[in-house]
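**Student:** Would you mind keeping the following structure in view while I ask a few things?
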Amino acid sequence: MALQSVCGWDATNSSQYLSHNLDLFPSHNVAIKPFPNFHQTCQGSSHHSDSGPPPPAHGTTTLAFLYAGGVAVATDSRSSAGKLVCSPDSRKAFLIHSHLLATTSGSSADCQFFGRALARECRLYKVRNGKMPSVRGAARMLSVLMMPFRGTDICAAFTLCGWDQNGPCICYVYNDGTRLCSDIISVGSGSPYAYSIIDEGYRPGLEEEEARQLARRAVCHAGRRDAYSGGFVDVYWVREGGCERDPREDQVKLYAKMEEDQKDMMQNKDKFKAGEQLQSKA
């Protein structure tokens, strides 16, 4: 009943279809229902074909932004398939080389496949040219690798965060070959919530501790609001000397600590205002 109400899946037709396929001695008089054409399939916004329920959705929260010392990167750790949490402590960022970090969103298998392919192409580029490609060059390589799979069921999105001869850089590459560069990029089902926090507290030239607090707070709030995000908070740093990672923190405990800090801050503000009012009356 839940699938019928939410997804519009016709369980009666699906059961008839399965029973027909499992029949060892089919009758020649059985009338097989033809598949609907494209126009019939598009009629009705929530109805699917008789092949079954829609594929499970993918969810995550990854973000990256420039700060005074390089690139601050943060991710959650929950891997999900629909409403099932497959892994609460997965890693969603990995090194392509010493100065290039990639965060992933989408199918884990597809992201691992293209991540390995990009690392291989970067090593080959170094053998041929004596140096690693720039961040924009690596994004172009990944875009070329993904472009032949346009229109397929491949689901992978990468945020390449690196440091090259031009300084820090952030590039986003989608599985249809789309690529773009920006100072702030957030990807995944929790990205709207992360953007709301980053837009409020971000400014060019943030110091490292300010960037750390902003990145942790953005991922925490995304995990609080988005059902597909959660687990732990992983914070990475891409600097001129290479990539580093902070110890991971439990999202629930970190959110509770942030709430306490916020309450203490509000109480201190109220006390300060009350003291100012007493001084003005005196």
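The values are calculated or read from the model by the stated rules, or taken from the named source; none is laboratory data. The structure presented is a predicted model; accordingly, all values stated were derived computationally and were not measured. Note: ideal-geometry Cβ built from the backbone for every residue, glycine included; neighbour counts use all protein chains shown. What goes into the accessible areas is simple: the full protein's heavy atoms, side chains included, and nothing from ligands, DNA or RNA. Shrake-Rupley method; radii C 1.70, N 1.55, O 1.52, S 1.80 Å.
**Student:** Using modelled amide H (1.01 Å from N, peptide plane; none on Pro or chain starts), what sits under 5 Å from the amide H of Ala81, excluding residues fewer than 5 places away?
**Tutor:** Cys86
**Student:** Under 8 Å for C-alpha pairs, at least 6 residues apart: give me the relative contact order for region 92-140, rounded to a whole percent.
**Tutor:** Numbers: 33 pairs, mean separation 12.4, N = 49.
25 percent.
**Student:** Here's something else I'd like to know. How high is the relative contact order of region 55-194, in percent, counting Cα pairs under 8 Å that sit 6 or more residues apart? Before the final figure, lay out the partial values.
**Tutor:** Numbers: 291 pairs, mean separation 40.7, N = 140.
Once divided by the residue count of region 55-194, the mean separation gives 29 percent.
**Student:** When you count, for each residue, the other Cβ atoms within 10 Å and take the mean per peptide, how do 91-100, 64-73 rank with the highest first? Before the final figure, lay out the partial values.
**Tutor:** Details: 91-100: 19.1, 64-73: 22.9.
Averaged packing, sorted descending, gives the order 64-73, 91-100.
**Student:** Which order do the peptides 222-234, 123-135 take when ranked by the mean count of other beta-carbon atoms within 10 Å per residue, highest first?
**Tutor:** Ranking the peptides 222-234, 123-135 by packing returns 222-234, 123-135.
**Student:** Send over a whole-number figure in Å² for the accessible area per residue of region 161-282, probe 1.4 Å. Let's see the in-between values first.
**Tutor:** On the way: 7240 Å² over 122 residues.
Heavy-atom SASA per residue in region 161-282 reads 59 Å².
**Student:** May I pose another question? For Glu208, Glu276, what's the largest-to-smallest order of accessible area, 1.4 Å probe? Walk me through the intermediate numbers first.
**Tutor:** On the way: Glu208 65, Glu276 90 Å².
Ranked from most to least accessible, the order is Glu276, Glu208.
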